[in-house]
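Written out below as structure tokens is the structure these notes cover.
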Amino acid sequence: MSIQVSNISKRFGNFVALDKVSLDFPSGELVALLGPSGCGKTTLLRIIAGLEQADSGSVILEGEDASSTHVRERQVGFVFQHYALFKHMTVFENVAFGLRMKPRGQRPSDSVIADKVHQLLNLVQLDWLADRFPAQLSGGQRQRIALARALAVEPRVLLLDEPFGALDAKVRKELRRWLRKLHDELHITSIFVTHDQEEALEVADRIVLMDHGHVEQVGTPEQVYNQPATPFVYGFLGSVNLFHGRVDEGGLKVGDATVPHQQSNFANGAEVFAFARPHELDIVTDPAATKGLGAKVVRVLSFGVSSKVELDGSGSATGQHFEVELSQQEVQKLALQPGQLVRLLPSRLKLFERTHAG
Amino acid sequence: MSLPVSIPSSRARSVLPGFNLTLGYTLVYLSLIVLLPVAAVFLRTADLSFAEFLAVISKPALVASYKLSFGASLLAASINAVFGLLLAWALVRYSFPGKKIVDALVDLPFALPTAVAGISLATLYSKNGWLGAFFEGVLGIKIAFTPLGVLVALVFIGLPFVVRTLQPILEDLETELEEAAASLGASRWQTFVHVVLPVLTPALLTGFALAFARAVGEYGSVIFIAGNIPLVSEITPLLIITRLEQYDYTGATAIAVVMLVFSFVMLLLINGLQSWSARRTGRTL
Amino acid sequence: MSTTANTAHLRHQTRFERNAATREPRWIKWSILGLSLGFFLLFIFMPLLAVFFEALRKGWSPYLHAIIAPDALSALRLTLTIALVAVPLNLVFGVAAAWLIAKFDFRGKQLLTTLIDIPFSVSPVIVGLMYVLIFGANGWLGAWLQAHNLHVIFALPGMLLATTFVTFPFIARELIPLMQAQGREEEEAAVVLGANGWQVFWHVTLPNILWGVIYGVILANARAMGEFGAVSVVSGKLRGLTTTLPLHVEILYNEYNFAAAFAVASLLALLALVTLAIKSWVEHHSAAQQINAPLSMEKTS
């Protein structure tokens, strides 16, 4: 089922949680709402679910305005951040809850409910835990039970609030893969909220990046990572080196140093932010070189596939901190020593007008 | 595609049902049972001019009773602060036989009807009682039917307030704090004064204030042991009853207003202390 | 989770006494124990013991006689009647107020919470006075009540009102922090799964607050049965008609019938002990329930 939200605004007192947000969630996709805490992503999820009322705007489920539909009738499945399993009920009773709450006429018989619950518990591979209480489960198991419970009422959409937030790193990785697989089996339109970029990039079909109640960019993981639309997205996804500079004839002036750039759509004299990913900076060791930013090597971390070089800016870039990623061979070739003065030359630089908020 | 509609922002901002029902019920019940009767006292005093009111509440017998009620209550709350802290400390930090029973019985003053406590204390501390025989016979200190008797009853009634506000804070106190202090070279006493006590202070003050507020209004456990000698051991609540028995409603009401104003000031103070304590220890009370 | 504090609680004494950083010198420990337990014996234990000792001073036969005396039995009946009305009234209120305060955000919530506490801070004598001012012969409604031959003061309704007032906050005070700590997620989950208001309360909220309800009810009940000052003002103390057990104790005591006074008092002291026993049991039970969760989390994560 498709979901659209249009012009949703929501304030809490003086705090603007959402400011005229409009989005389109195509049917069958797994979408991540990604952003720092307080960006409005959870509020948006709760508004879609009907747990929260928007101040203005509408939620359209499958072309129908559902803004005034009560959460009970929206047929959404919601997985809460801390799972909200009913502590006093067994796993079986938790999953059966939604079916047992149906009005008498629509309520399935006990045997139908039992079949359905076991089928769902098998789906989440936890049928053997049916008689346990939530307190007796691990975090990852609770998570999957919460999901089974949400699926029991055959929701038209599945909404997950920080589904992996409360789990430790190893379990989180496992469950991510598992959720992706489950989605590929069920193909139910799903939205999950996360503040973890890696999680969003790895699991989602599409990512919605949010900040301060605004949507910054919508796109596939590749799109948002490789072509960030705003300085915020650039800074939020992956590590990045940032300079302030002025566009000049010879390139970009950063202090008294000049670096080349490829963007021709800026007038001379424009004040800009410039972004370069760690692998987009080259280190020039030749002391005679004049191009590039002056920097001093602080530390070389060479483990794993690539090596990381940490540098402090020198000269006009003093006080800045840089991070450069190189292959092991390059590091060996350069033979960098801590304290060595070098120059940094960006191979690719993304510029944003300075007036842009960021 | 439908047109965006504006949804009126709901006051309660919750999908859970029952806001109007519980709000209405709570307000009506609160007003009928609590607010209206309290208002009645204040409205009744409006019969008096301010000068008359002052004259009524500053009669010598009353002034003597204020001194006794507030003085003994302050003293009792102070005693409770000291011994309550010791008892809370012992209950949290040490193991000793019968600890569970002691822990449960700390609440006895809450659970025991005040009249029962009153006659029991009066008997214990009278000349022939177990404790009275010792204090009066051996030490020559008369307790029952003197202001000291009032103090004893108020200490009894106030003890659980201090112990029960301190206990959870002491239990939540992280050992790491004291370990850190010890590793930095602090003595046990320095650690207590500079590390433990500051954490306990808000709760200790809250317990003190609760015990004090309760003691000032206490009636049942006091009147039996106080002896109620005019100008000597008459507590303020007793004077309200005396006025009522003489059908002096205005007099009774004027005294009640003095005590109610005091109670509300204490209530606000205690609320302030509790939120201070909650902020300092990061727990909700 | 905040419940880890509770697991720590169980291991406390040994943890503190074995740890060099949290252990006092032996003589200080013994001084603290001596002072605090001495204080406890003097102020709590001796008065309790004295009640039973005085009650049985003259043996079992006068004791039983005092208890089954017609006046004592009618006082018992009245005491039970009052508790049976006042406690359920405040139970309904407590649940409604706690639901309101814990599950919704609205302006004036803090003020409401403070107002609920008022009865705790009002002297019982003043509580009685309030109702005399409203319903007494010279009160606001006095003339009207007299004209319709209705009795509130010096009759059961006045005693019910006074008892309801003094036990007003007990259950609400227990349930508000409990329900606030439990948050709204479980109830929201139930609503998303299609439960209606009553189903949410019955299947999700009530099982979670059951211990708190029991706790509040037994405390409110102890106070309702034991209230003295407030009830004494509005009762008129018509022997056998408007005397509750605590008032009956007072009357016997003032008649110098000490053995009988303490015999009846011992019933009330027993009630207090039972109350404290249930209270400890509930505390133990709810603590054990909470401890379950963090333990199993340690095991698996």
Self-check item: Separation of the A:GLN125 and C:PHE45 label points, Cα + 7 Å toward Cβ, nm
Solution: 6.0
Practice problem: For C:LEU84 and C:LEU150, calculate 0.36 nm times their separation in residues minus their Cα-Cα distance, and state this gained length in nm to one decimal. | Solution: 21.6 nm
Quiz prompt | Per DSSP, loop GluC sites (Glu not before Pro) in segment A:229-325 with at most 15 further Cβ within 10 Å | solution = A:GLU249
Self-check item: Kirkwood Rh in Å, taken over the protein assembly as shown so that all alpha-carbon pairs contribute
Solution: 33.0
Practice problem: Please say if chain B is rounded, prolate or oblate, where rounded means a/c under 1.5 for a ≥ b ≥ c the square roots of the C-alpha gyration tensor eigenvalues, and otherwise the choice is prolate for a/b larger than b/c and oblate otherwise? | Solution: oblate
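Ignoring trypsin sites (Lys or Arg not before Pro) that are buried or in helix or strand per DSSP, and keeping those with at most 10 other beta carbon atoms within 10 Å, what is the longest stretch of chain C between them? List each step's numbers first, then the result.
Numbers: sites that count: C:ARG11, C:ARG107.
Result, exposed sites excluded: C:108-301.
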Self-check item: Theoretical ellipticity at 222 nm over the protein assembly as shown - DSSP helices of four or more residues, -39500 (n - 2.57) apiece, nearest 500
Solution: -17000 deg cm²/dmol
Self-check item: Global geometry of chain A, whether rounded, prolate or oblate, following the gyration tensor of its Cα atoms and the 1.5 cut on a/c
Solution: prolate
Self-check item: Per-residue mean of C-beta atoms belonging to partner chains within 10 Å, peptide A:117-127
Solution: 0
Self-check item: Buried solvent-accessible surface, both chains (B, C), 1.4 Å probe, Å² to nearest 100
Solution: 8700
Practice problem: Kindly provide log₁₀ I(q)/I(0) values, in the same order as q = 0.13 Å⁻¹, from the Debye equation applied to equal alpha-carbon scatterers of segment C:28-108. | Solution: -0.82
Exercise. Quick one: compute the contact order of chain A, relative version, from alpha carbon pairs under 8 angstrom and 6+ residues apart, as a percent.
Key: 16
Exercise. For segment C:175-207 and segment A:111-132, compute the distance between their C-alpha centroids and round to whole Å.
Key: 24
Practice problem: Could you list which residues have their amide H under 5 Å from that of A:PHE25, counting only those 5 or more apart in sequence or on another chain, with H placed in the peptide plane? | Solution: A:ILE3, A:GLN4, A:VAL5
Quiz item: Which pairs, out of A:LYS170/A:LYS333; B:LYS67/B:LYS100; C:LYS103/C:LYS279; A:LYS87/A:LYS170; A:LYS173/A:LYS291; B:LYS127/C:LYS279, put more than 32 Å between their alpha-carbon atoms?
Solution: A:LYS170/A:LYS333; B:LYS67/B:LYS100; A:LYS173/A:LYS291; B:LYS127/C:LYS279
Exercise. Arrange the residues C:LEU41, B:LEU91 by how much accessible surface each exposes, largest first, with a 1.4 angstrom probe.
Key: C:LEU41, B:LEU91
Quiz prompt | Integer Hz, Karplus 6.51/-1.76/1.60 couplings in order for segment A:87-103, x for Gly and Pro | solution = 4, 8, 10, 6, 4, 4, 5, 4, 5, 6, 3, x, 6, 6, 7, 5, x
Exercise. Amide H neighbours of A:GLY77 under 5 Å, at least 5 residues apart or on other chains, H built in the peptide plane: list them.
Key: A:ARG156, A:VAL157, A:LEU158, A:LEU159
Quiz item: Using 14 Å as the cut-off for backbone N distance, which residues of segment A:116-145 belong to the label zone defined by a point 7 Å from the Cα of A:GLU174 along Cα→Cβ?
Solution: A:125-126, A:137-145
Self-check item: Packing-based ranking, highest mean first, of B:217-226, B:204-213, C:59-68 given that Cβ atoms within 10 Å are counted
Solution: B:217-226, B:204-213, C:59-68
Self-check item: A:GLU353-A:HIS70 FRET efficiency (beta carbon distance; Förster radius 45 Å; 0.05 resolution)
Solution: 0.50
Exercise. Calculate the mean, over all residues of peptide B:165-176, of how many other protein chain Cβ atoms lie within 10 angstrom of the residue's Cβ.
Key: 3
Quiz item: Along the Cα-to-C-beta direction of A:ALA267, a point sits 7 Å from the Cα; which residues of segment A:230-246 have their amide N less than 18 Å from that point?
Solution: A:245-246
Practice problem: Select from segment A:56-161 those trypsin sites (Lys or Arg not before Pro) which occupy a DSSP coil region and have at most 13 other Cβ atoms within 10 Å, ordered by residue number. | Solution: A:ARG104
Exercise. Counting only heavy atoms of the protein chains, get the accessible area per residue of the protein assembly as shown (1.4 Å probe) and round it to a whole Å² value.
Key: 43
Exercise. Using a 1.4 angstrom probe on heavy atoms only, work out the carbon and sulfur share of the accessible area of chain B in %.
Key: 69
Quiz item: What nm value, rounded to one decimal, do you get for the distance between C:ILE67 and B:TYR247 when each label is placed 7 Å out toward the C-beta?
Solution: 4.3
Quiz item: Over all residues in A:144-153, what is the mean tally of Cβ atoms on other chains that come within 10 Å of each residue's Cβ?
Solution: 1
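The values are calculated or read from the model by the stated rules, or taken from the named source; none is laboratory data. Since the model is a prediction, treat every value here as computed from it, not as a measurement. Cβ atoms come from the backbone with ideal geometry, glycine included; neighbour counts cover every protein chain shown. For accessibility, only protein heavy atoms count, side chains too; no ligands or nucleic acids. Shrake-Rupley method; radii C 1.70, N 1.55, O 1.52, S 1.80 Å.
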